[in-house]
1. Does B:PHE131 satisfy the condition of being under 21 Å from the mean Cα position of the chain (by Cα), within 13 Å of chain A (Cβ to nearest Cβ) and touching a residue at least 24 places away in the same chain (Cβ under 8 Å)?
2. Among the residues of region A:2-31 satisfying the criterion of being in a helix (DSSP H, G or I), under 20 Å from B:ASP157 (Cβ atoms) and more than 7 Å from every other protein chain (Cβ to nearest Cβ), which is modelled with the lowest pLDDT?
3. From the list A:LEU82, A:LEU95, A:LEU126, A:LEU105, which residue is hydrophobic (A, V, I, L, M, F, W, C), without any contact (Cβ under 8 Å) to a residue 24 or more places away in the chain and not in a loop (DSSP other than H, G, I, E, B)?
4. With respect to A:ILE43, is the statement that it is facing chain B (nearest Cβ under 9 Å), in contact (Cβ under 8 Å) with a residue 40 or more places away in the chain and assigned to a helix (DSSP H, G or I) true?
5. Among the residues of region B:153-180, which ones are within 7 Å of chain A (Cβ to nearest Cβ) and not in a loop (DSSP other than H, G, I, E, B)?
6. With the structure loaded, tell me whether B:GLU111 is among the acidic types (Asp, Glu), surrounded by 17 or more Cβ atoms within 10 Å (Cβ to Cβ) and under 21 Å from B:ALA70 (Cα atoms) or whether it fails that test.
7. Being of a type outside the set (Lys, Arg) and at pLDDT below 85 is the filter here, so list the residues in region A:32-54 that pass it.
8. Suppose we filter region B:22-42 for residues that are farther than 16 Å from B:ALA70 by Cβ and of a type outside the set (A, V, I, L, M); how many remain?
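The values are calculated or read from the model by the stated rules, or taken from the named source; none is laboratory data. Remember, it's a predicted structure, so these values are computed and weren't measured experimentally. Methodologically, a virtual Cβ is constructed for each residue, glycine included, from the backbone with ideal geometry; neighbour enumeration extends over all protein chains shown.
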Amino acid sequence: MSSIGLPDEILCNILGRLPVQDLIRYKCVCKTWHLLITNPDFISTHLNLQENRDGYVLFHKCIGNNIFSLFNKNNYALHSILEVPFSCETVDFKLAGCVNGLLCLTDSYHLFGRTIYLWNPSIWKLKVLRGSCFARQYSEVGNFFVIGFGFHHQTDDYKIVRIMYFGNRFRKYVEERPPKVEVYSLARNSWRSIGTKGGWYTRDNSSTLVVNGALHWFASKTGDASADFVLKFDFSCEEFGEIMLPNYHCDGEFTRVSVTVLKESLALIVCCLNGYESERCDIWVMNEYGVTDSWTKQYSFVTEGRCYRCLGIVNNNILLLDSNQNQLLSCDLEKLQVKPVGDREYLGDFVYFTESLVLYNEGFSVTPRKYLLVEGGIHLGKRKRSVFELLQKKWL
Amino acid sequence: MSSSIASSSSSSSSSSKKEKKISLKTSDGEVFEVEEPVAMQLEIVRSFFADNEDVTEQTVMPLPNVSTAAMHGILEYCRAHEEFRRRMPEAAPEEEVRAFEAGYVDRKSNEELKEMILAANYLNISKLLDFLTGVAAKRIENKSVEYVRAFFGVENDFTPEEEANLRREYEWAFEGVDED
């Protein structure tokens with residue numbers, strides 16, 4: 001059979017659209033493909049082209065197990081179940097975030113943020129981060145960690161920001177002793193300490209909110225100027241900054257505010273609560289990044305007591321709500337339609353997930369059929385065959 | 001439905017309506033008279049006519065990298081899209097476009113598909129190239145290594161030991177693959 005060879009550029013364009021399992025298999029096609037598929041440029045091309053495929057919402061059932069459920073982001077059909085094939089130092093993991101298919105896991109409770117597990121479940125690659133710039137204080141009992149995880153497009157690098165609070169992350173402690181901050185870069189594979197004047201404390205335990213090349217947390221100021229604001233950490237200059245909030249008014253008994261990202265803009269979910277039920281939910285969007293006057297109330301809807309917690313935004317147009325009737329609700333922001341999408345058992349942390357080859361050239365393989373004991377006591381458990389098959393199931 | 005579009009567009013070349021035509025000559029010497037809005041979808045043609053002031057309506061633009069067979073396929077696609085655009089200039093009728101595209105590629109063999117990808121790349125029709133590479137990806141999804149080698153005409157240059165090692169290392173990636 002005569003056959004036509006295709007130029008590399010076109011080949012990348014075709015292969016970049018394939019699921020990860022196929023690519024790992026096609027490394028066997030020939031030596032050129034083997035090099036091409038694991039080339040960092042191809043890994044980026046693949047990431048960009050995966051936007052053509054359906055993404056997933058990955059839920060972590062919170063307590064007592066380390067199982068993630070993957071749902072199709074469009075119809076919330078359960079796609080597969082993913083069991084973490086290694087164990088951590090506490091009973092269960094905490095999901096700190098997911099960027100480009102790379103999960104950022106850490107221990108829970110008092111060990112939160114100390115050891116960080118970067119895991120790409122699509123290629124079964126794991127990288128465990130145990131170091132710190134502040135080796136002495138790092139292991140002190142009672143210190144409290146907050147982390148941020150994001151991808152910096154300009155440098156094509158994954159970064160983790162870790163804020164170490166002495167005692168706890170509340171005003172009293174922070175005023176006594178400002179937190180210390182360090183940043184990990186996957187490209188450098190090291191932590192670097194970051195100077196901060198302090199005067200603030202973050203309200204979120206973790207964040208993956210990247211807008212305009214910076215990570216963001218909902219935060220408060222210490223001292224007299226006690227006010228809420230958005231703390232930003234710029235990946236390029238590795239410095240902190242502040243973003244003021246809009247003057248959101250709320251007539252509930254109290255307000256629950258969280259920072260989020262909506263269509264690549266910084267956004268704010270403001271829930272007005274009476275008792276345990278929310279009355280109204282407003283979504284503010286900062287149309288022009290960094291310009292306080294550009295905050296606009298883009299969406300507002302009455303929840304009529306159907307929900308008591310806003311979980312966040314998926315797919316840029318769906319607000320996920322935790323209902324007071326054991327249900328997960330989705331609210332279409334454009335149509336303002338609320339409908340149930342699943343059981344409460346899936347509630348907990350969730351992230352947006354896509355397949356990727358990120359971390360291919362780093363870390364170590366979590367082989368499915370071997371039981372490994374790795375330095376530091378991380379057990380790499382046997383992966384259940386059935387779970388494995390589900391994961392590898394052909395994509396819709 | 002898709003065939004009706006194809007036949008109406010091919011007959012339009014002989015229709016009495018006076019329309020500006022552009023002549024394109026393929027590698028095997030055949031000259032295609034193509035309606036201007038269709039030809040302008042070919043970026044290489046558009047820039048050729050935009051950048052050269054001394055070309056006239058009589059100019060025959062040579063396309064040495066495009067075969068007659070590929071040209072037929074390319075024009076069928078471009079004409080159909082021009083037709084969609086003319087009927088609904090605001091928003092393309094998505095369902096219809098999808099139905100046309102599905103029928104359009106179903107008739108193409110793998111070799112024809114690759115030939116058209118090369119032609120679309122050379123003619124710089126990004127929309128078609130995007131579509132065809134997506135089709136090629138779908139055709140090799142969840143296939144065996146052997147199938148993919150045959151599809152792309154790639155020689156296996158691994159020694160049997162090297163290949164066996166790779167297969168052993170990534171055993172999990174070889175499960176649940178479609179029959180060739």
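1. Working: under 21 Å from the mean Cα position of the chain (by Cα): yes; within 13 Å of chain A (Cβ to nearest Cβ): yes; touching a residue at least 24 places away in the same chain (Cβ under 8 Å): yes.
So B:PHE131 passes the test.
2. Among those residues, the one meeting the criterion is A:ASP8.
3. Details: A:LEU82 fails: without any contact (Cβ under 8 Å) to a residue 24 or more places away in the chain; A:LEU95 fails: without any contact (Cβ under 8 Å) to a residue 24 or more places away in the chain; A:LEU126 fails: without any contact (Cβ under 8 Å) to a residue 24 or more places away in the chain.
Just a single option satisfies the conditions, and that option is A:LEU105.
4. Values: facing chain B (nearest Cβ under 9 Å): no; in contact (Cβ under 8 Å) with a residue 40 or more places away in the chain: yes; assigned to a helix (DSSP H, G or I): yes.
Judged against the criteria, A:ILE43 is not a match.
5. Listed by number, the residues that qualify are B:GLU163, B:LEU166, B:ARG167, B:TRP172, B:ALA173, B:PHE174.
6. Details: among the acidic types (Asp, Glu): yes; surrounded by 17 or more Cβ atoms within 10 Å (Cβ to Cβ): no; under 21 Å from B:ALA70 (Cα atoms): yes.
So B:GLU111 does not fit the description; no.
7. Just the residues of region A:32-54 that are of a type outside the set (Lys, Arg), to begin with: A:32-52, A:54.
A:GLU51, A:ASN52, A:ASP54, listed by residue number.
8. Here is the first cut: in region B:22-42, the ones farther than 16 Å from B:ALA70 by Cβ are B:22-23, B:33, B:35-37, B:40.
When the remaining residues are screened for being of a type outside the set (A, V, I, L, M), the result is B:23, B:33, B:35-37.
The number of residues fulfilling the criteria is 5.
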